Amino acid sequence: MRDFSADHRWLSINTATVRRQRGQDWPLLQILDACAARGIRAVSPWRDQVAAAGLAATARTLRAHGLELSGYCRGGLFTYSDDAGRQAARDDNRRALDEACELGAPCLVLVVGGLPGALAGAPAHKDIAAARAQVAEGIARLLADAHERAMPLAIEPLHPMYAADRACINTLEQALDLCDALDPARSGALGVALDVYHCWWDPKLAAMIERAGRERLLAYHVCDWRLPTRDLLEDRGMPGDGVIDLPRIRALVEAQGYAGYAEVEIFSSRDWWQRDGGETLDTCIERHRRCV
């Protein structure tokens, strides 16, 4: 396993981690400046932040700082209740692919969606099997566009607590089943984003990481599971502040040949989003060296 203790060469910052400082939005271009000033080599920006900053301006700033991407967040939300919703999801995912290409991302991360309408609080039905079928259909259609653009897709399974509204793919095994069904040749065009927050608890985790292998492991996200967790969406812990055995999981991932970034992704409305963004970035660097 790589030794992270001496530097932060393999640290990436998911820009959600510092999307707010002192409770206020922190503009993306300022985040990129602050990362570069600290020798952070990579980021993973969110589409809404890129849209606010401007795609061209974001690309210029990344190039000016020599920043790489560890992924692009996010595509997906494939489920729909009518033909218009289906087409809207397809169009939006094509745009996400084009944005990922413009920014030089290594993959487009997919949060696949749950029951149609549930994210807005009004699910159209309760048939989660139908939702999963729509997800498979949506990824299959997007895969053809991804092949054309040479942009890999990374399915991110989310913790089962998000099955209804955000993602009905909830285990690494489910994500790999989709990968094997849609890309049996393991072409590199389809894989997974493994986020420890969502997968740490899974008794099959070690076996599924081995099953994924290097070809399917496209992104690796780290944070921690706080005790108690005060909010299921926006109370992730900084690495080292919770119960996840981060070194063990990274050892499993790297045993398969993964040699990319460890991307810190934290949603923290009560803690880290209330602090100075520079403090949060400095803490990410320190915890990356000591805890990841």
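Residues of the range 57-67 that are free of Cβ contacts under 8 Å to residues at least 40 places away in the same chain and surrounded by fewer than 19 Cβ atoms within 10 Å (Cβ to Cβ): Ala57, Arg60, Arg63, Ala64, His65, Gly66. Selection over the range 247-273 of residues that are over 15 Å from Ala219 (Cα atoms) and touching a residue at least 12 places away in the same chain (Cβ under 8 Å) gives a count of 9. Taking interchain pairs and intrachain pairs at least six residues apart, which have beta carbon atoms under 9 angstrom, with the first residue in the range 22-50 and over 22 Å from Arg95 (Cα atoms) and of a type in the set (Ser, Thr, Tyr) and the second at pLDDT 95 or above and not in a loop (DSSP other than H, G, I, E, B)? Nothing qualifies.
Of all residues in the range 164-188, those that are on the phi > 0 side of the Ramachandran plot have Cβ atoms under 7 Å from Cβ atoms of residues that are part of a loop (DSSP other than H, G, I, E, B) and surrounded by 14 or more Cβ atoms within 10 Å (Cβ to Cβ), 6 or more apart or on another chain, in Gly188/Pro152. Please verify whether Trp46 is within 21 Å of the chain's Cα centre (by Cα) and closer than 20 Å to Glu286 by Cβ, treating the condition exactly as stated. Answer is no for this residue.
Does the range 145-162 hold any residues that are within 22 Å of His198 (Cβ to Cβ) and of a type in the set (Gly, Ala, Ser), and which are they?
Ala154
Can you pull out the residues in the range 161-177 that are within 16 Å of Leu77 (Cα to Cα) and assigned to a helix (DSSP H, G or I)? Before you say what the answer is, go through the steps one by one.
Taking the range 161-177 and keeping what is within 16 Å of Leu77 (Cα to Cα), we get 162-170, 175.
Hits for the range 161-177 are Tyr162, Ala175.
Is it the case, given these coordinates, that Gln49 is more than 25 Å from Leu233 (Cα to Cα) and either in a strand (DSSP E or B) or polar (S, T, N, Q) (or both)? Against the criterion (more than 25 Å from Leu233 (Cα to Cα) and either in a strand (DSSP E or B) or polar (S, T, N, Q) (or both)), Gln49 does not qualify. Here is the figure for the range 77-102: residues that are part of a helix (DSSP H, G or I) and either farther than 17 Å from His147 by Cα or out of contact with any Leu (no Cβ under 7 Å at 6 or more places or on another chain) (or both) total 14. Quick check: anything in the range 227-235 more than 30 Å from Ala37 (Cα to Cα) and touching a residue at least 60 places away in the same chain (Cβ under 8 Å)? Checked the range 227-235: at least one residue is more than 30 Å from Ala37 (Cα to Cα) and touching a residue at least 60 places away in the same chain (Cβ under 8 Å).
When Leu103, Leu115 are checked against the criterion of being aliphatic (A, V, I, L, M) and closer than 20 Å to Ala189 by Cβ, a single residue qualifies: Leu103.
Identify, from the list Leu142, Leu77, the residue that is closer than 16 Å to Leu182 by Cα and surrounded by 16 or more Cβ atoms within 10 Å (Cβ to Cβ). Result: Leu142 is the single residue among Leu142, Leu77 that is closer than 16 Å to Leu182 by Cα and surrounded by 16 or more Cβ atoms within 10 Å (Cβ to Cβ). Within the range 1-36, the residues that satisfy the criterion of being part of a strand (DSSP E or B) and surrounded by 14 or more Cβ atoms within 10 Å (Cβ to Cβ) are Leu11, Ser12, Ile13, Asn14, Arg20, Gln21.
The values are calculated or read from the model by the stated rules, or taken from the named source; none is laboratory data. Predicted, not measured: the structure shown is a model, and the values here were computed from it. Neighbour counts run over all protein chains shown; Cβ positions are idealised from the backbone, glycine included.
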